[in-house]
Amino acid sequence: MIKKKYKDSIKWSTFLKDVFICSLGAYGGPEAHYGVFTDQLVTKKEYIHEEELVELIALCSILPGPTSTQTIVSIGYKMGGPLLALLTMLVWALPVLTLMGLLSFLYEFLESMNISQAGLRYIGPMAVGFIVVAAYRIGSKVVTDNITGFLLILGCLTTYFIREPWVFPLILVFGGLVSVITTKEDKLWNGVKLNPPWAYLITFVIFTLGSIVLSVILDNHIIRLFESFYRYGYLVFGGGQVVVPVMYSELVEVNRFMTNQEFLTGYGLVQGLPGPMFSFSAYAGGMASRGGSYLTQILGAITGGIGIFLPGLLLIYFIYPIWENLKKIKGIKISLRGINAVAGGLITVAAIILMQKSGFFIDNILITLITILLLLTKKIPAPLIVLLVLVAGYIV
């Protein structure tokens with residue numbers, strides 16, 4: 001139990017310093033991030049009970065958006081309200097967002113320095129290895145019965161053969177409905193008393209509808225880019241691995257803002273950086289805005305970062321104040337089983353499609369297999385794997 005005196009006397013600067021420590025040690029997606037949160041925020045500093053952390057993880061898994069980011073933002077909200085929650089997100093995400101935005105200039109930098117881009121050729125196969133391991137770990141966790149197994153396979157088949165952006169949210173919602181319909185538990189929608197802060201939900205809806213309308217009416221690349229990334233933020237459940245197939249389909253296959261190799265390079269590089277994997281959006285936004293001035297590319301990176309994180313932040317501001325009562329609704333938790341099972345299928349398909357795009361060459365396959373083995377043994381940290389692959393690309 002956190003002592004009231006301790007909680008009241010906590011300095012925001014101290015808490016934000018601990019959030020920054022978490023961001024420096026957070027590699028490998030939500031599952032790994034939670035271990036860092038437990039160690040730093042629960043065990044060492046006792047900002048929150050472990051039971052409360054588990055409940056927050058469940059809440060943020062139900063919500064669309066970056067799960068680990070929403071979890072640590074919720075802890076910030078608990079400690080100091082909306083303003084500290086915003087500062088928490090900035091300290092947690094801004095450093096890696098900045099780095100990923102700068103990395104969107106990587107190809108131009110290599111070209112200007114007359115450095116061969118061939119050294120980046122193994123980043124793609126390595127990224128496939130990361131996605132395969134993520135699919136395995138998430139799949140083994142979400143498949144708990146025949147229904148969730150069926151939904152995972154359905155997610156695989158549907159999104160493999162239909163590569164349109166609209167199919168991803170549709171199949172996720174379908175998974176949640178199937179989970180609720182087929183459950184044998186009763187009293188799913190038990191009544192609870194709620195008093196939500198509607199202003200945040202209204203703001204969320206205004207951004208949602210406004211960005212769609214403006215992107216249709218105005219022929220403006222940045223507005224269309226914001227609408228795309230904002231949509232990724234409110235339609236994707238889970239960590240950065242889940243958003244990859246949605247981004248890939250629209251940014252590479254539909255709009256052709258970047259090549260398969262360029263997409264995989266960014267996804268591979270983000271594996272070697274600490275912090276939220278949704279920061280990949282800054283790289284993708286910058287890459288999607290090439291062809292004009294440097295300022296436009298920087299604006300694209302900023303737009304991608306803000307767009308993808310904003311809906312998750314607004315939803316936390318809306319939901320967290322009523323969470324104590326909302327978590328008593330059993331049907332919400334049950335729907336998550338189907339949503340997560342489908343998401344596991346999306347990640348599996350992403351690994352298959354990206355491997356096909358990289359090419360089934362012997363060296364590519366070896367890099368992917370070695371990456372998988374190193375990740376499963378957990379003996380070499382992700383940043384070192386990225387560094388070794390970069391070195392291999394330039395010396396082999």
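Semi-axis lengths, largest first, of the ellipsoid equivalent to the chain are 32, 24, 23 Å, with √(5λ) applied to each eigenvalue of the Cα gyration tensor.
So what is the relative contact order for the chain, in percent, with contacts set as C-alpha pairs under 8 Å and at least six apart? Before the final figure, lay out each step's value.
Details: 596 pairs, mean separation 123.8, N = 396.
Once divided by the residue count of the chain, the mean separation gives 31 percent.
From its DSSP helices (H runs of at least four residues, each -39,500 (n - 2.57)), the chain gives a residue-normalised ellipticity at 222 nm of -24000 deg cm²/dmol.
With respect to the chain, whose longest principal axis is taken over its alpha-carbon atoms, helix 260-270 is tilted by about 50°. Principal-axis analysis of the Cα atoms of the chain puts helix 12-25 at an angle of about 40° to the longest axis. Amide H to amide H, with H built 1.01 Å from N, G65 comes under 5 Å of V236, F237, G238, counting only residues 5 or more places away or on other chains. If you roll a 1.4 angstrom probe over the protein chains with everything in place, what fraction of the accessible area of the stretch 325-387 belongs to carbon and sulfur, to the nearest %? Carbon with sulfur: 72 percent of the solvent-accessible area. Structure note, pairs K78/K333; K328/K378; K141/K330; K44/K141; K141/K378; K45/K378: Cα-Cα distances above 30 angstrom occur for K328/K378.
Using the Cβ atoms and a cut-off under 13 Å, what net charge is assigned to the surroundings of D18, where Lys and Arg are +1 and Asp and Glu are -1? Kindly include the intermediate steps, with their values, before the conclusion.
On the way: positive: K11, K17, K44, K45; negative: D39, E46.
For residues surrounding D18, the net value is +2.
When the stretch 293-396 is described by a simple charge dipole with +1 on each Lys and Arg Cβ and -1 on each Asp and Glu Cβ, the residue from G359, I385, I347 located farthest towards its positive end is I347. Between N260, G307, A282, the Cα set farthest toward the positive side of the dipole of the stretch 258-351 (charges on each charged residue's Cβ, about the Cα centre) is that of G307.
Distances over 20 Å make up what percent of all Cα-Cα pairs in the stretch 315-371? Above the 20 Å cut-off, the stretch 315-371 has 55 percent of its Cα pairs. Based on protein heavy atoms only, the stretch 286-396 ends up with 45 Å² per residue of surface accessible to a 1.4 Å probe.
The values are calculated or read from the model by the stated rules, or taken from the named source; none is laboratory data. Just so you know, these numbers come straight off a predicted model, no measurement behind them. Quick reminder, even Gly has a Cβ in these numbers, built from the backbone with ideal geometry, and neighbours come from all protein chains shown. These area figures cover heavy atoms from the full protein model, side chains too; ligands, DNA and RNA do not enter into them. Shrake-Rupley method; radii C 1.70, N 1.55, O 1.52, S 1.80 Å.
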